[in-house]
Structures are given as C-alpha cells and as structure tokens.
Amino acid sequence: SPVEEEEVGLGVTFRAAEGTWVGVVGAARSGKSCLVDAITGTLQSRGGGTVWLDGEDCAKVPHAEVVSKVAVAEQRPFVFHASLRFNIDPIGEAQGDWEIWAALEQALFASTVKACPGKLDTILRGTAFRWLPGSTPGLRLTPRERALLGLARAMFKVHVRRSRLLILDGTLDALSPADRARLLERDLGRNLAVILTTRHPAPAALAKVDIAVTLTPHAPPEVGDPKTLMSDAGSRLFRLAASSSHSHRWLGVEEDEQAEVFAAAAGGQYLPDVGAIVGVAGGVAEVAGGA
C-alpha cells in the first residue's frame with residue numbers, strides 16, 4: 001500500500017492503502033502543513049514518528065525516491081514566469097502535449113487553457129514577477145486558477161512518474177462547491193492513495209473520504225470513520241463541520257443540496273423548510289440560513 005502508517009510527532013497514526021482517501025481537517029496552525037511536510041520528507045518527524053511508503057521507512061530511503069512517489073497539489077503553488085507548458089512540465093518529461101492536456105483535463109483546467117489564444121504557449125505571470133520596461137507581464141491567474149494549476153502539475157507527475165500518493169494540500173479550499181463536487185467525482189487514479197487537507201470539511205469531501213483526521217491545536221488528533229464521527233455531535237469533526245456551515249464557508253448556491261449531503265453523512269435528515277438537520281445523535285443541528 002502507498003502509505004502504510006503515519007506517525008509524525010502530532011500523535012497521528014493511520015494507514016492509507018491504494019484507493020483510500022484520507023481527509024485531514026483542521027483550522028490554521030493545527031498541524032496540517034507539518035503532516036504534509038513530514039510525509040514528503042521536507043520536515044523531519046518528531047517524537048520518533050515514522051512514515052512508511054510502499055513498505056519502506058521513508059527516513060531510510062533516498063529523498064529523491066520519496067519525492068518521486070508523492071505528488072503534492074498546493075493551494076498556492078509557485079508560478080514560473082514562463083509558458084503554461086513549462087509550468088506543468090519544467091524539465092521536459094512529457095512524450096507529447098497530450099500528456100499535459102490529460103493532466104489539465106483531470107484538474108478541471110483544460111477549458112480555461114483552451115480559451116487562451118496561446119493555449120499551452122500562454123505566458124503566465126510568475127510569482128516573483130517584477131515589471132520592467134519591455135518585459136511581458138504574462139497572464140495573471142486567479143486564486144482558483146492557481147490552485148488548479150497546482151493540481152494539474154501534480155496530476156502530470158502522477159501520470160509520468162507513476163506517483164503512488166497524491167496530496168491535495170488545501171486545493172479544495174480554493175474551489176467553489178460546484179468545482180469541488182466535480183473534482184471529487186473524478187477517478188484520479190485507482191492505484192493511488194489520496195490525502196486531502198482542508199480547513200472546512202465540505203459535505204462532498206466528507207462523503208468521499210474513508211478516514212477522517214481532525215487536528216486541533218493543543219489536543220490529541222481525532223482519527224476515525226467520517227460517518228461514525230459525523231453521527232456523534234460531540235466529535236471534533238462534527239463541531240468543525242457545524243461551525244463551517246454557520247459561517248457559510250461550504251454552503252454556496254447549492255445550499256439545500258449541500259445540507260442534504262451533510263445530513264446523510266451525519267446519519268440524519270435535512271428539513272429545508274426550517275433549515276435544520278434532525279436525527280443526528282438525537283439532536284438538532286441548524287445550518288447556515290436556517291431559522
């Protein structure tokens with residue numbers, strides 16, 4: 001299995017076999033980035049924790065080998081002041097443009113690129129761009145487009161290097177509810193384990209993941225089946241999901257539809273007339289916009 005066991009000094013332990021989705025949920029500074037950095041080897045695990053990848057302790061294999069097996073889609077990836085093609089494939093690994101287009105398609109970014117006059121030759125405005133007389137400003141990406149660029153870059157790595165683990169590090173937080181639903185419906189790779197990190201546990205994500213890891217500062221992590229945790233009004237996952245719904249962070253134009261998914265994940269029923277979820281741990285949970 002891609003990730004056999006994970007314990008990185010945050011007190012987190014889980015196993016992610018291929019085909020498994022793990023959702024890591026937590027507010028800012030809860031430890032999500034430390035978890036990702038420990039898995040990729042950027043940060044040395046603390047407290048004797050270990051990361052096993054394909055049956056090997058990552059601390060005992062060359063870092064380059066670990067990097068080749070893990071593809072990370074960052075929410076705010078670095079953008080080169082260069083063509084879109086270069087931003088996806090900077091070292092020329094593609095056998096043809098079709099591999100780049102395949103990655104863009106999976107990342108929901110192909111239609112945006114096709115609308116650009118230069119297509120793959122479109123120059124993007126780099127992260128560190130500074131305007132100088134005679135310089136080409138390049139296309140400035142929106143936060144959504146930048147997140148999808150990061151996802152396309154990761155999917156290209158999955159295709160070309162056969163990476164075994166895909167990490168969506170905050171990618172969902174930059175997308176609309178509709179984009180999130182479309183992305184989560186896609187088969188990103190049957191031989192992959194997928195770890196997604198998010199500040200706001202969207203219902204569509206909760207319905208997708210097999211293991212939920214809730215991180216809270218200065219508290220032990222909560223790890224378990226998302227449906228079981230969402231059926232417990234006292235769980236940290238349930239409380240975080242409820243607070244996110246009240247702040248309108250995951251309820252968009254499809255508010256009733258999203259609330260129905262949330263209710264189903266929690267084992268309850270959504271009553272649109274009163275804007276409430278009932279039948280969850282014997283209680284009632286209001287949702288954003290409810291009475």
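The values are calculated or read from the model by the stated rules, or taken from the named source; none is laboratory data. Nothing here was measured: the structure is a model prediction, and the numbers come from that model. Note that each Cβ is placed from the backbone with ideal geometry, even for glycine, and that neighbours are counted across all protein chains shown. Note: areas computed on protein heavy atoms with side chains; ligands, DNA, RNA excluded. Shrake-Rupley method; radii C 1.70, N 1.55, O 1.52, S 1.80 Å.
Structural remarks
- Within region 196-244, considering residues that are of a type in the set (Asp, Glu) and assigned to a loop (DSSP other than H, G, I, E, B), the one farthest from Trp21 (Cα to Cα): Asp232
- Among residues of region 164-197, those that are buried (at least 23 other Cβ atoms within 10 Å of the Cβ), under 22 Å from Ala38 (Cβ atoms) and of a type outside the set (A, V, I, L, M), counted: 3
- Of residues in region 131-148 being surrounded by fewer than 24 Cβ atoms within 10 Å (Cβ to Cβ) and either under 19 Å from Ala102 (Cβ atoms) or among the β-branched types (Val, Ile, Thr) (or both), the one modelled with the lowest pLDDT: Thr136
- Meets criteria (closer than 29 Å to His200 by Cβ and in a loop (DSSP other than H, G, I, E, B)) for Thr136: no
- Taking region 195-212 as the range and being out of contact with any Asp or Glu (no Cβ under 9 Å at 6 or more places or on another chain), at pLDDT 85 or above and farther than 20 Å from Met155 by Cβ as the test, no residue passes.
- Of the candidates Glu93, Glu99, the single residue that is at pLDDT 85 or above, more than 14 Å from Asp169 (Cβ to Cβ) and assigned to a loop (DSSP other than H, G, I, E, B) is Glu93.
- Single condition Thr40 does not satisfy, out of (1) more than 30 Å from Ile123 (Cβ to Cβ); (2) modelled with pLDDT under 80; (3) open to solvent by 10 Å² or more (accessible area, probe 1.4 Å): (1)
- Phe109 being within 26 Å of Thr40 (Cβ to Cβ) and either modelled with pLDDT of 90 or more or open to solvent by less than 70 Å² (accessible area, probe 1.4 Å) (or both): yes
- Pair list, Cβ under 7 Å, 6 or more apart: region 86-103 residue over 14 Å from Leu151 (Cα atoms) and without any contact (Cβ under 8 Å) to a residue 60 or more places away in the chain, other residue among the aliphatic types (A, V, I, L, M) and surrounded by 16 or more Cβ atoms within 10 Å (Cβ to Cβ): Asp97/Leu120
- Among the residues of region 213-223, the one identified as surrounded by fewer than 16 Cβ atoms within 10 Å (Cβ to Cβ) and at pLDDT 80 or above is Pro220.
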